[in-house]
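Reviewing the structure listed below.
No value in this document is a laboratory result; all are computed from the given coordinates. Because the structure is predicted, anything quoted here is derived from the model rather than measured. Note that we place each Cβ from the backbone using ideal geometry, even for glycine, and neighbour counts take in every protein chain shown.
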Amino acid sequence: MPVTVDGLPENLERGAESALQIRGEKAGSVLEARRRAAQAANTLQEYLASEGYFAAIVSPELVESTDTRPRLDVSLGERFRIASIDVTGTDDLTPQAQERIRADLDTLRPGAWARTPNIEALETLLLRQLKSSGYAFAESDGIDALASRAEKTVELTYSLKPGELVRLGEMTIPEGLRTKDKAIRVLQNWDEGDLYSPEKMETLRTRVRSTGLFDGIGVDIHEQSDANGTHTVDLQLSEGKRRTIGAGVSYSTTDGAGANASWERRNLMGMADTVSVEAQYATLARHLKATYKRPNIGRYGRTLTAEAGVRDEETDAYDLKGIKVAANLSQPLNKNFTLSAGAAVDATRSTDYELRAQGINSLQDQVTLSFPLGATYDTVKDPLDPQTGNRAYLGVEPGFSFGTGVVASYTRIQGSVSTYTKVAERLVGALRLEAGSFLGDDSVPVDRKFYSGGGGTVRGYEYQSLSPKDPLGEPIGGDAMLNVSGELRWRKSERWGYVAFIDAGAAESDLSAAAENMRSAFGLGVRFYPGFGPVRLDIATPLNPRDGDEPVQLYISIGQAF
């Protein structure tokens, strides 16, 4: 019911308008119209009191007709300030908790306007501080506000009930789970006797959720302590489905069409372990790979990954068939930083690009032993659609290769840095820089070298085309690579978004040459969000094309470009 308000200053109009949002049919009688006007007056008076105008008077004008817009006359009066703030129930707190409470009281000091949102926010802050200090069952008995109309002030008293200081004890696990207790206990993030904190409990939930084994997760603290003076933590779990089947498609004018399928079986041996099989069939590459992952070996986060697979690749740069077996052990040092080390054996039959450069078509059989080392820093929450955060990766792969009369040693170094920032509520800026360097003998499998151009590096150019070429004009791979990409991602609605991007890059004999010979492209894209991550369609055009470069390239895939 619309009303007219007289006597309200401009700074309060928006809040009053929000408070007076009364929906309903037209009043059926004058009596009903008067009742609604009185209700609106009470609502407005409550709003003004919440802003510190405790002496405000709101008077509804007498309604004579259901067609008359009611008018509310406001006598605002003076705004009240806070005279004093007192807290009760904190005498027995630990010194650290008392110090934190005193620090929180500085957020609302005497002399401030007596606004209800600020007063209630302090109560929430005090309770949060008590819980973070180990008082898991802290409560509030309310806020006593004593107003003085003569002084135009309010005296506040917060009555807190901290309860018992809680020290964490044993973690109990439900019976009858397929997951072994050992695989769950390794997720515990406290020693018996440690003080309770909400952060510890949230970390426990996050760890359990990250296993992907449970649909329902609950954490309950016993209010009564045990004989050791600690409080039992009950973990409540409901196991989810153990199998997942997935499929996807991709297409680009440079990389061709592709389809992939995957199957995953979780908790194979009851240790939160996973076995998965992935297959891809595309214009340029086909592969079949089986992976076994065993997390939390000996301690939380230490993960063993073993894989075996076959692949077949046919690109302008090379043809390659290979069988690979690899294992990797990773360990997070904290929630964002992870180190990894591994070993791999890769048997390949590939184009000998050095002979091809001389006009001789020949294949090279090789076995390569490599020992990749990696370091990852990641603060991104959604890997398919990053909104904020940073990613950084550095990989060093020493190895040696032998076969067809050659023995070659090498070190391959590759790194990347990505950052994501919310420029506005629905606008995300994304930047990526990646670089690589190859050191050692050239007589290695052709896929150890670096290539640039195409959907994963510089959209707008043919796949691998921004790489060194042989006399026949075919890419042969470089000893260095440098790529830069920037995107502005606008989420227009729940289902649709749009992207503008610039890519630049090159692979060359060294990083200096790659920087000098970088070529760039500009493009626009559409994103469709079906609920699991974006499906992307990008169209790109070269900004400094060479003879023979196509004017437009098209890319369709799942997930953001980076």
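What to note about this one:
- Förster radius 51 Å - calculated FRET efficiency between ALA257 and LEU304, Cβ distance, rounded to 0.05: 0.90
- With a Förster radius of 45 Å applied to the beta-carbon distance between SER84 and ALA424, the computed FRET efficiency rounds to 0.60.
- Set of aspartates and glutamates with alpha-carbon distance to LYS152 below 14 Å, sequence-local pairs under 8 removed: GLU51, GLU78
- Reported value for the range 325-456: 128 Å³ per residue, from the convex hull of its C-alpha atoms.
- For the cross-link pairs LYS161/LYS200; LYS200/LYS241; LYS324/LYS469; LYS180/LYS293; LYS449/LYS469; LYS289/LYS381, the ones whose C-alpha atoms lie over 18 Å apart are LYS161/LYS200; LYS200/LYS241; LYS324/LYS469; LYS289/LYS381.
- Crossing angle, helix 10-19 versus the chain [Cα axis fit, 0-90 degrees, rounded to tens]: 80
- Computed from Cα positions, the angle between helix 198-210 and the longest principal axis of the chain comes to roughly 40 degrees.
- Around ILE217: net Lys/Arg minus Asp/Glu count, Cβ-Cβ under 15 Å: -1
- When the Cα positions of PRO383, LEU62, TRP263 are compared along the charge dipole of the chain, TRP263 comes out farthest toward the positive end, with charges on each C-beta of Lys, Arg, Asp and Glu.
- Value at 222 nm in deg cm²/dmol, rounded to 500, when DSSP H runs of n ≥ 4 in the chain each add -39,500 (n - 2.57): -4500 deg cm²/dmol
- Under 16 Å from the Cα of LYS335 - aspartates and glutamates, other chains or at least 8 residues apart: GLU199, GLU202, ASP378, ASP382
- Cβ-placed point charges (K, R +1; D, E -1), dipole of the range 169-262 about Cα centre in debye, nearest 20: 700
- Between PRO174, TYR529, PRO475, the Cα set farthest toward the positive side of the dipole of the chain (charges on each charged residue's Cβ, about the Cα centre) is that of PRO174.
- Angle of helix 116-132 to the longest C-alpha principal axis of the chain, folded into 0 to 90 degrees and rounded to 10: 60°.
- Value of D in µm² per second that Stokes-Einstein yields for the range 398-476, Kirkwood Rh from Cα pairs, at 37 °C (0.692 mPa s): 215
- Cut-off 13 Å (backbone N to label point 7 Å along Cα→Cβ of THR283), residues of the range 477-515: none
- Volume of the convex hull of the chain (Cα atoms only), normalised per residue: 231 Å³.
- Calculated FRET value between PHE532 and GLN39, using beta carbons and R₀ = 51 Å, to 0.05: 0.65
- Only Lys, Arg (+1) and Asp, Glu (-1) charged, at Cβ; the chain dipole about Cα centre in debye: 860
- Tail fraction, Cα-Cα pairs, the range 151-262, threshold 18 Å, whole percent: 64
- Charge dipole (the chain, unit charges on Cβ, about Cα centre) - positive-most of VAL219, SER75, LEU488: VAL219
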